[in-house]
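Notes to accompany the following structure.
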Amino acid sequence: MTVEYLKRGKPETDRAEEDAKVRAVVEEALKEIEARGDAAVREFSEKFDRYSPPSFRLSPDEIAALMAEVGPREMEDIMFAQAQVKNFAKAQRDSMLDIEIETLPGVILGHRNIPVQSVGCYVPAGKFPMVASAHMSVATASVAGVPRIVACTSPFQGRPNPAVITAMHLGGAHEIHVLGGIQAIGAMALGTETIAPVDMLVGPGNAFVAEAKRQLYGRVGIDLFAGPTETMVIADETVDAELVATDLLGQAEHGYNSPAVLVTNSRRLAEGTLKEIDRLLGILPTAGTARVSWENYGEVILCSDHDEMLKVANDIASEHVQVMTDRDDWYLENMRSYGALFLGPRTNVANGDKVIGTNHTLPTRKAGRYTGGLWVGKFIKTHSYQKVTTDEAAAMIGEYCSRLCILEGFVGHAEQANIRVRRYGGRNIPYGAAAPRHEAAE
């Protein structure tokens, strides 16, 4: 049996046209921000968010006032979720060790793990206030030891969202700005009169945010190239259509272009899921978004067996992969390309998005083939160093280095080695020549 699509999404050509339009808008906006700084940022905020306060940066008093609006239960929930994220991030950070070893007598090599010195964290809030995104970016950067954390979030219904601001502050943000979209990304990366530029940008966002990060990559670091939320359910007959449909629509509500894909070896489950999705779309409060996303980007793929399901899943390389089968650990061992796995019917993608402790900023658009998601290590730079502590080691390494440099034609490089062979090894090597092999190196 070959792979059979019971439902397909939009063709790639249509998606490429949409990408091109976004690319042009972002390119022009970034040019304006770089040229005109705060003035351009304010104009874009007025245009896209209809928001223009005296200052986009919140003062300590404004932060405190917003946090006072958060109820006790909501505060407890935010702190619980943030604790889970910090605990896992700390365990990950503890696994990253500085090293120093003596590889040869007198030759010391090592590396140090150093935090990025300034990071800009973007937290979406225009359509949904993404409280959890503050944990994933701000709190994780804080655990990594980043000394300057700038957090930006768009206004929600015309004002800063109290819960998002609370999560940013508790997470460890040093600066909080109520700015959204391209203007936030551009201001943090390029700098303005009132916002010093950062070294790295992290956090999810809409297509314009993702494209702005892509265009700025190289000028600043980024966590990853993130597009619209993607979810895949890998399921067999051990689960029912209601559970599968719920997990698919639970992510399709993110936006109008969020792919949701079912991969299964059960025709009965596939057909049942299609019917169940129609039923749930009749009662889901966010069906206005989820329906468009499902109609344009939803797919149901019927495979002959688990091997074929695995191949399809690795080819798609979805951001979120929910596995509900009679062999979940087999998929854990054999999946190679994805953002994050959610194993078994007792877990779900929303757990990872909001509370369980793993990071929800994950690779999309097949980027899972070459990168994992945001984690504490993304905020850490591993820098190597070396030192030679004896004359004998300097001369011995120098001889090898000299000959290898001449092999490549780099005479100046060779002289860096030769001068040390002369000084520390007492050898007479003509300028620009390769060092002869010393008997001690035999």
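The values are calculated or read from the model by the stated rules, or taken from the named source; none is laboratory data. Keep in mind the model is a prediction, meaning the values are calculated, not measured. Neighbour counts run over all protein chains shown; Cβ positions are idealised from the backbone, glycine included. Remember, those area values only see protein heavy atoms, side chains included, never the ligands or the DNA or RNA. Shrake-Rupley method; radii C 1.70, N 1.55, O 1.52, S 1.80 Å.
The residue list ALA173, LEU190, VAL233 was ranked by how far each Cα lies along the charge dipole of the stretch 162-251 toward its positive end, using unit charges on Cβ atoms, and LEU190 comes out on top.
Can you give the net charge of the other residues whose Cβ lies under 14 Å from the Cβ of ASP391, counting K and R as +1 and D and E as -1?
+3
Projected onto the charge dipole of the stretch 283-405 (+1 at Lys/Arg Cβ, -1 at Asp/Glu Cβ, origin at the Cα centre), which of GLY377, ALA313, THR325 gives the Cα projection farthest towards the positive end? Working it through, the farthest residue towards the positive pole turns out to be GLY377.
Rounded to the nearest 500, the 222 nm mean residue ellipticity of the chain from helices alone is -14000 deg cm²/dmol, with -39,500 (n - 2.57) taken per DSSP H run of at least 4 residues.
Using a 1.4 angstrom probe on heavy atoms only, work out the carbon and sulfur share of the accessible area of the stretch 59-123 in %.
With neighbouring chains kept in place, the figure for the stretch 59-123 is 60 percent.
Write down the Kirkwood hydrodynamic radius of the stretch 279-361, to one decimal in angstroms, obtained as one divided by the mean of 1/r over all alpha carbon pairs. Every distinct Cα pair counted, the radius reaches 14.5 Å. Calculated accessible area for the stretch 143-263 comes out at 30 Å² per residue, all protein chains present (probe 1.4 Å; ligands, DNA, RNA ignored). Counting protein heavy atoms only, the stretch 134-205 has 52 percent of its accessible area on carbon and sulfur, 1.4 angstrom probe.
Charge tally for TYR122 (other residues, Cβ to Cβ under 12 Å; Lys, Arg +1; Asp, Glu -1): 0.
Evaluate the charge dipole of the stretch 229-342 about its Cα centre and quote only its size in Debye, nearest 20, assuming +1 on the Cβ of each Lys and Arg and -1 on the Cβ of each Asp and Glu.
Around 320 debye, computed over the stretch 229-342.
Surface composition of the stretch 299-388: carbon and sulfur atoms hold 47% of the protein heavy-atom accessible area at a 1.4 Å probe. With a 1.4 Å probe rolled over the protein heavy atoms of all chains, the accessible area of VAL85, VAL3 falls in the order VAL3, VAL85, largest first. Computed log10 I(q)/I(0) for the chain at 0.06, 0.10, 0.12 Å⁻¹: -0.35, -0.80, -1.00, from the Debye equation with unit scatterers placed on every C-alpha and solvent omitted.
Over all pairs of different C-alpha atoms, the stretch 1-144 has a mean inverse distance whose reciprocal, the Kirkwood radius, equals 20.9 Å. Descending by average beta-carbon neighbour count within 10 Å, the peptides 173-181, 317-325, 135-143, 153-161 line up as 135-143, 317-325, 173-181, 153-161, the highest first.
In this view, the solvent-accessible surface of LYS378, computed with a 1.4 Å probe and all protein chains in place, comes to about 50 Å².
Of the trypsin sites (Lys or Arg not before Pro) in the stretch 91-152, the ones in a loop by DSSP (not H, G, I, E or B) with at most 15 other beta carbons within 10 Å are LYS127.
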